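What follows is a single structure, written as structure tokens, with notes after it.
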Amino acid sequence: MKHEKLRARLGAWGLAVSLLIGTLSGSGQEILPEQEVEAPVQTTDLNQIFTEQQDPARNWGNPLHIEGNYMRLADGGHQQKVGNDHISASAVISKQPISTSSDWEILADFTVDDFGFNCCNYGGYSITNGRTNVYYNFTTGYNGRTLGLMVRTGFTEDPVIAMGDKKYGYGQKRLYLHYRAQNRMFYFSISDLRDVDENGYPDAQKTPDRGGSYFELSFANPIPSGDDLYLGIAAGVDSGQQDVRLDANKKVEATFIKASYLDYRPHFIETKLLDEKGDPFPADAEIKEGDIVTVQARVKNNQQDGGAVLSHLMISDDSETYPTSGLDFDPDNWDGTRQEVTVDGRVVDAVNITDGGIPFSCSPTETVITYRAMVKNPSGGAVTVGQMMVDDLFQSKRHSGAELIPPVELVAADPQKPLEEQGNAGTDYHFTRTPANENGWNREPVQVTFYPGDFDRFNVQEDGAPADTLKADKPQRVYPDETVGLAAAYQAQNSETKKVSNKVADTVKIDRTPPTLATAEDGALTLRDGLSGVWKLERSDPDSGTWGAVQTYDLNDGNGAASQAATTDQNGKYHTVDAAGNVSTPLAVTVNSAPDVAPTDPADTLPPPEQQIDQNALAHAVVYDSMQEHLDAADPLYGGHFTAEDAQKLFEERYGFTSNVARDDKLTYAYTISRDGVDVTAQGVDSTSPGSFTVTCVATDADGNTTTVVLTDTLIDRDQPPTVVWGEDPEPPVGPPFDPLAPAPRPTVKDDPETGRKHAYVYDAITEPVKAPAVYGGRLTAETAAQILAGRYQIHTAQGDDVLVCGPVRVTVDGKEVGAGGFDTTRPGSCLIAQTVTDSRGNKTTIYLTYTLISSGGAPAVNYDPGSDTVQPDDKLADPEVITDWQSGNQYATVRDRLVQPVSDPPLYGGSLDLAGVRALIGGRYRFTSAQADGELREVRLTIERGGEPVTAIDTTRAGQYLITYTVEDSAGNRTTLFLQYILTPGGAGGLYPEEENGQPPAGESPYTGADGAGIDGSCQIHWLALLGALMTALYCLWARARRAAGSRPGWGGALVLSLLGAAAVSLWYTRCCALDAPLLWCWAALLAAGLGQFMAPGKEEQTD
């Protein structure tokens, strides 16, 4: 029966607990659904309900032997002589009386051997008074007169009813006896074991006329009154007054199968709380600590038309599922009040719900049982009672639990929800506790916070002893230290109303120490944690960086083992997590090496791979390989275009990869193609022209380990002359250092008219200042020049045979060989070093190295970089204009150059050339050399102008003219300024004019004068300022001449003006940059000289004198 949950609060006086009974609604609350009973009450355990019958009249020779459900009841090995008779007999009897008001049954197998005497020789069931009085025997066998199945009253020789047939007398039979209370009938049936139905009963369909062995006797007789009736299993055999011993090899035995009530299903209707007198509580009544109350249980046999079964009502022995708490049933503790038990209103003396229980007859008619108890509930928890009905015969148990008085709840805040969503502190919840993880552990200090409201005291117990009391002025208790498990309990009280809450148990477990993870000598992983224990082994995903569990270990009550061992077959970064959630320091574990790679041709070999282990413990190997292929115009390699598909096919034919991951040997492959450092996988590369490209294959195994093969494929044109690249050492033993990252000088290839082969010409230059002591001992000879060439360059043949014939090294000045004396390196000058090499096909390459020595201390030198693609191999830069500052002695050099490039699609430099791009352009096109011993240079200025106005970038998408000004300064202050006229044309490169035809300007066009951009700062107005200065100077000359004609000479004010104009002219001289600047400045200088003459000439009076 379902009931509403009781919501009353139980208060207390001192330790008392009170409850307003008006909220009880007069009934208890079922804690758990009543135990379901689908099948009738029964037992299959012989020893549960039967015991040996000690009556001497039933036990002759002590033959009884019980083993489980097996019984040896009589045998020739255990016999007793009585007079001339030899007897063996025994019986077992039910421990409790059997009900004659309910239906019941018993089923067993009997084996009755034929002892050969004309005497008693039987086995079966009996109904007795538990002592010597046998009321009925239901047996099979022989009773001295009848052989077969029979029912006898007592030990009479003549059965009341029988089936006299030998086949029902001896052998192994199944005997079934059941009783029907409604008609007071016994039914006794028999069959061979082969003739039982699916439920194990003798099958009524298998009668003798149908070839079976089933037979049934029914017997109705008044049940004896006055005595309790007991059910027995008995057997016996005697020699029939013949003084002959029984055959020791024969016996009567039985095997118990089951016994059950057929119409008994006990049921609890309701359990509720009443007052001491057994009356309902008034609406305003209070239950206090120490009050005597009455517990009322209403029960019945829930089987329709069921019988009455002798039973007892007891406290449930399953206290975990059906607890009893807050009640004292011992009247010795009740201060004189006695226990009173009633069954259907009738007082039953000398019994209690404890100590054997309350006897009653469980029938289909409701039975009301009451008993008293004292409320004893200092904990404030729920007052509950757990009861069970136990039938007397089978001891079957029917449990029920009821909450009689609900607890005064001490509510903890839900750690999974924000506090603002949980109502009011102090009423909707009373305390908070630092939430533990799913294993009950914390890895930081635990704080318990009390919120006064319903209660004003919060008592804390630790290990069963009072530890602290939290109040409004001290609401918190903190557990900072590590602990494996501190047993705590919390209980609140209201000091004014004396209300006490239930007690909330807690276990504080704190572990703040990370676990450890290490590799053992055998390669296994050892996980350790000495407090909360090991919980998980996790691995970091190398792609996402997230951690995932590799292995999770079982916990015992939230605690892990102090040590665990693990093995892994996967490379990676691992850590262990303890039960508290602490994480160890990551450990890199490498158990699998990178995939192996080998050439498919056994005759080939690969260089050893470069190995490394990354931060995720993954292994990576890189193998560098190379190959050469010859071009054939008639049969182009790869159809003239090498693609990613060709790369895959090439690698499949050339290499074999093998994974070292045993659990999963799959490999994935990724291919890329690059040329000159640019990824061209998508578009592929032209395979019809000489050059080299790189094919990269990355093989990745199941762990993420990789092996990368970088294959450089060089396409060789047999007609290609030897190639020149930088030497291996950027600081060669002989000769100045070079930049190995700069492009090597580009060759100019021509047909050799003498040999019909190709001839390449490579131009390079070295510029350095004269040093003291002089380089090369003061003389650069052919032998020294050969060492310079050998250190500065590497020369490779395109034929693949490494055959090169090197010609003599020649050192010339102005076309003449220097001879044995060599080139003088003690003073400025320039020489040309040349050498020709020839490959096996007669192709040649000649290197021309111009070696220039400049004056030490002069302005920085500038030359073309032969490796730039904006410079033709034989281009020469114009000589610089150098001016020496007469005061500081510093030199200022000006170099002018012009670069014309057509507008293209796609546009040059991505459509825009900003200052950084211009700086890179200058760095690639020119070489600047300091004339100082330290060789240091710094950039002073870099500007871009168009039309006389500064701009931040060059628009390369359309035609236009720009002036780039770039100045470098050495450590002594000498400067060199490069003025680069950068012209973008719609077509090919032209001359000085923006658009020229046949070297001449178009009609109406004037030469480029620099008016749209000139000057050291990018200003194009130098010559305009010079023209203005010259005009001002001319005006001064006219004024001075007029003064002199008037008879006087200019004063010192005029002299000051003339000085300022002269200083301006000198300063503009150093900033000139276009063709008109110098002529105008010279013109201005002439006018300044004329003005000075006007100032120095005598006046009219001085001439007269």
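Output the residues belonging to segment 846-860 that are under 14 Å from PHE823 (Cα atoms) and surrounded by fewer than 18 Cβ atoms within 10 Å (Cβ to Cβ).
Across segment 846-860, the qualifying residues are THR850, THR852.
Only one residue in TYR168, TYR176 is of a type in the set (Phe, Trp, Tyr) and at pLDDT below 90. Which one?
On the way: TYR176 fails: at pLDDT below 90.
Only one candidate passes the filter, namely TYR168.
Kindly evaluate VAL411 against the criterion of being of a type outside the set (Phe, Trp, Tyr), in contact with a strand residue (DSSP E or B) (Cβ under 6 Å, 6 or more places away or on another chain), surrounded by 22 or more Cβ atoms within 10 Å (Cβ to Cβ) and under 30 Å from LYS471 (Cβ atoms). Give the steps one after another, and end with the answer.
Numbers: of a type outside the set (Phe, Trp, Tyr): yes; in contact with a strand residue (DSSP E or B) (Cβ under 6 Å, 6 or more places away or on another chain): yes; surrounded by 22 or more Cβ atoms within 10 Å (Cβ to Cβ): no; under 30 Å from LYS471 (Cβ atoms): yes.
So VAL411 does not fit the description; no.
Tell me, yes or no, whether segment 803-823 has at least one residue that is within 60 Å of the chain's Cα centre (by Cα) and more than 23 Å from GLY924 (Cα to Cα).
Step one: list which residues in segment 803-823 are within 60 Å of the chain's Cα centre (by Cα), which gives 803.
Keeping just the survivors that are more than 23 Å from GLY924 (Cα to Cα) gives 803.
The answer is yes; a qualifying residue exists.
Can you give me the ranges of the strands (runs of 3 or more DSSP E) entirely in segment 875-934 with at least 3 residues that are surrounded by 16 or more Cβ atoms within 10 Å (Cβ to Cβ)? Working first, answer last.
Values: elements: 881-884, 891-902, 912-914, 926-929.
In segment 875-934, 891-902, 926-929 are the strands (runs of 3 or more DSSP E) which contain 3 or more residues that are surrounded by 16 or more Cβ atoms within 10 Å (Cβ to Cβ).
State yes or no: is ALA1014 modelled with pLDDT under 70 and in contact with a strand residue (DSSP E or B) (Cβ under 7 Å, 6 or more places away or on another chain)? Show your work before the answer.
Working: modelled with pLDDT under 70: yes; in contact with a strand residue (DSSP E or B) (Cβ under 7 Å, 6 or more places away or on another chain): yes.
Yes; evaluated as a whole, the condition is true for this residue.
Scan segment 90-103 and report the pairs whose first residue is under 22 Å from GLY307 (Cα atoms) and whose second residue is assigned to a loop (DSSP other than H, G, I, E, B) and β-branched (Val, Ile, Thr), with Cβ atoms within less than 9 Å and a gap of 6+ or a chain change.
THR100/ILE223
Taking into account only those residues within segment 430-466 that are in contact with a Phe, Trp or Tyr (Cβ under 8 Å, 6 or more places away or on another chain) and hydroxyl-bearing (Ser, Thr, Tyr), which is surrounded by the fewest Cβ atoms within 10 Å (Cβ to Cβ)?
Across segment 430-466, the extreme among qualifying residues is THR449.
Okay, residues lined up against (1) under 27 Å from ASN143 (Cα atoms); (2) among the β-branched types (Val, Ile, Thr); (3) modelled with pLDDT of 90 or more:
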| residue | (1), (2), (3) |
| --- | --- |
| PHE219 | yes, no, no |
| ASP228 | yes, no, no |
| VAL237 | yes, yes, yes |
| GLY240 | yes, no, no |
| VAL244 | yes, yes, no |
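Look at LYS251 and say whether it is of a type in the set (Lys, Arg), touching a residue at least 40 places away in the same chain (Cβ under 8 Å) and out of contact with any Cys (no Cβ under 9 Å at 6 or more places or on another chain).
Working: of a type in the set (Lys, Arg): yes; touching a residue at least 40 places away in the same chain (Cβ under 8 Å): yes; out of contact with any Cys (no Cβ under 9 Å at 6 or more places or on another chain): yes.
Answer is yes for this residue.
Considering only strands (runs of 3 or more DSSP E) fully contained in segment 326-396, which possess at least 3 residues that are surrounded by 17 or more Cβ atoms within 10 Å (Cβ to Cβ), within 60 Å of the chain's Cα centre (by Cα) and not β-branched (Val, Ile, Thr)?
Working: elements: 341-343, 346-348, 358-362, 367-375, 383-391.
Output list reads 383-391.
So which residues in segment 935-956 are assigned to a loop (DSSP other than H, G, I, E, B), out of contact with any strand residue (DSSP E or B) (no Cβ under 7 Å at 6 or more places or on another chain) and surrounded by fewer than 16 Cβ atoms within 10 Å (Cβ to Cβ), if there are any at all?
At the first step, the residues of segment 935-956 found to be assigned to a loop (DSSP other than H, G, I, E, B) are 935-936, 947-948, 952, 956.
Within this subset, residues satisfying the condition of being out of contact with any strand residue (DSSP E or B) (no Cβ under 7 Å at 6 or more places or on another chain) are 935, 947-948.
Matches in segment 935-956: GLY935, GLY947.
To keep it simple, each residue is scored yes or no on (1) of a type in the set (A, V, I, L, M); (2) surrounded by fewer than 23 Cβ atoms within 10 Å (Cβ to Cβ); (3) under 19 Å from TYR187 (Cβ atoms).
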residue: GLN79; (1), (2), (3): no, no, no
residue: ASP85; (1), (2), (3): no, yes, no
residue: SER90; (1), (2), (3): no, no, no
residue: ALA108; (1), (2), (3): yes, yes, yes
residue: THR111; (1), (2), (3): no, yes, no
residue: GLY123; (1), (2), (3): no, no, yes
residue: VAL134; (1), (2), (3): yes, yes, no
residue: GLY144; (1), (2), (3): no, yes, no
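Please specify each residue of segment 611-639 satisfying the condition of being exposed (fewer than 12 other Cβ atoms within 10 Å of the Cβ) and not hydrophobic (A, V, I, L, M, F, W, C).
GLN612, GLN615, ASP632, ASP635, GLY639
If ARG528 passes every condition in (1) under 19 Å from THR576 (Cα atoms); (2) in contact (Cβ under 8 Å) with a residue 60 or more places away in the chain but one, which one does it miss?
Only one criterion is unmet by ARG528, namely (2).
What's the number of the only condition in (1) under 60 Å from the mean Cα position of the chain (by Cα); (2) among the polar types (S, T, N, Q); (3) at pLDDT below 95; (4) surrounded by 15 or more Cβ atoms within 10 Å (Cβ to Cβ) that THR965 fails to meet?
It is condition (3) that THR965 fails.
If the Cβ limit is 6 Å and pairs must be 6+ apart or interchain, which residue in segment 882-899 that is basic (Lys, Arg) pairs with which residue that is assigned to a strand (DSSP E or B) and surrounded by 14 or more Cβ atoms within 10 Å (Cβ to Cβ)?
Matching pairs, first to second residue: ARG896/PHE979; ARG898/GLN981.
Please verify whether LEU667 is more than 12 Å from VAL709 (Cα to Cα), modelled with pLDDT of 95 or more, crowded, with 16+ Cβ neighbours inside 10 Å and not hydroxyl-bearing (Ser, Thr, Tyr), treating the condition exactly as stated.
Numbers: more than 12 Å from VAL709 (Cα to Cα): yes; modelled with pLDDT of 95 or more: yes; crowded, with 16+ Cβ neighbours inside 10 Å: yes; not hydroxyl-bearing (Ser, Thr, Tyr): yes.
In short, yes.
Just name the residue that is farthest from ARG372 (Cα to Cα) out of those in segment 294-325 that are touching a Lys or Arg at 6+ places or on another chain (Cβ under 7 Å) and either of a type in the set (A, V, I, L, M) or outside any loop (DSSP other than H, G, I, E, B) (or both).
ASN301
Just wondering, is there one or more residues in segment 234-257 that are under 25 Å from PHE50 (Cα atoms), among the hydrophobic types (A, V, I, L, M, F, W, C) and under 60 Å from the mean Cα position of the chain (by Cα)?
Yes: segment 234-257 contains one or more residues that are under 25 Å from PHE50 (Cα atoms), among the hydrophobic types (A, V, I, L, M, F, W, C) and under 60 Å from the mean Cα position of the chain (by Cα).
Looking at ALA248, ALA254, ALA259, ALA181 in this structure, which one is touching a helix residue (DSSP H, G or I) at 6+ places or on another chain (Cβ under 7 Å) and small (Gly, Ala, Ser)? Break it down into steps so the answer makes sense when it comes.
Details: ALA248 fails: touching a helix residue (DSSP H, G or I) at 6+ places or on another chain (Cβ under 7 Å); ALA254 fails: touching a helix residue (DSSP H, G or I) at 6+ places or on another chain (Cβ under 7 Å); ALA181 fails: touching a helix residue (DSSP H, G or I) at 6+ places or on another chain (Cβ under 7 Å).
Among ALA248, ALA254, ALA259, ALA181, only ALA259 is touching a helix residue (DSSP H, G or I) at 6+ places or on another chain (Cβ under 7 Å) and small (Gly, Ala, Ser).
Exactly one of these conditions fails for THR552: (1) in the same structural domain as GLY440 (by TED's automatic domain parsing); (2) exposed (fewer than 15 other Cβ atoms within 10 Å of the Cβ); (3) not small (Gly, Ala, Ser). Give me its number.
(1)
Of everything in segment 724-754, what is in contact (Cβ under 8 Å) with a residue 12 or more places away in the chain, more than 23 Å from ALA933 (Cβ to Cβ) and not hydrophobic (A, V, I, L, M, F, W, C)? Give them in sequence order.
The answer is GLY727, GLU728, PRO740, PRO743, PRO745, ARG746, PRO747, THR748, ASP752.
Of the residues that make up segment 509-516, is at least one of a type in the set (A, V, I, L, M), within 18 Å of the chain's Cα centre (by Cα) and part of a strand (DSSP E or B)? Outline the logic, then answer.
First pass over segment 509-516, keeping only residues of a type in the set (A, V, I, L, M): 510.
If we keep only those that are within 18 Å of the chain's Cα centre (by Cα) too, we end up with none.
No - not one qualifying residue is present in segment 509-516.
From (1) modelled with pLDDT of 90 or more; (2) among the hydroxyl-bearing types (Ser, Thr, Tyr); (3) within 30 Å of GLN476 (Cα to Cα); (4) out of contact with any helix residue (DSSP H, G or I) (no Cβ under 9 Å at 6 or more places or on another chain), pick out the condition that doesn't hold for SER400.
For SER400, the exception is condition (3).
Only one of SER311, SER325 is touching a residue at least 12 places away in the same chain (Cβ under 8 Å), over 28 Å from PRO407 (Cβ atoms), in contact with a Gly (Cβ under 9 Å, 6 or more places away or on another chain) and of a type in the set (Gly, Ala, Ser); which?
Details: SER325 fails: over 28 Å from PRO407 (Cβ atoms).
Being touching a residue at least 12 places away in the same chain (Cβ under 8 Å), over 28 Å from PRO407 (Cβ atoms), in contact with a Gly (Cβ under 9 Å, 6 or more places away or on another chain) and of a type in the set (Gly, Ala, Ser) holds for just one of SER311, SER325, which is SER311.
Somewhere in segment 199-222, is a residue under 30 Å from VAL82 (Cβ atoms) and of a type in the set (Ser, Thr, Tyr)?
Scanning segment 199-222, I find no residue that is under 30 Å from VAL82 (Cβ atoms) and of a type in the set (Ser, Thr, Tyr), so the answer is no.
The values are calculated or read from the model by the stated rules, or taken from the named source; none is laboratory data. Because the structure is a prediction, the values reported are computed rather than measured. Every residue, glycine among them, receives a Cβ derived from its backbone with ideal geometry; neighbour counts consider all protein chains shown.
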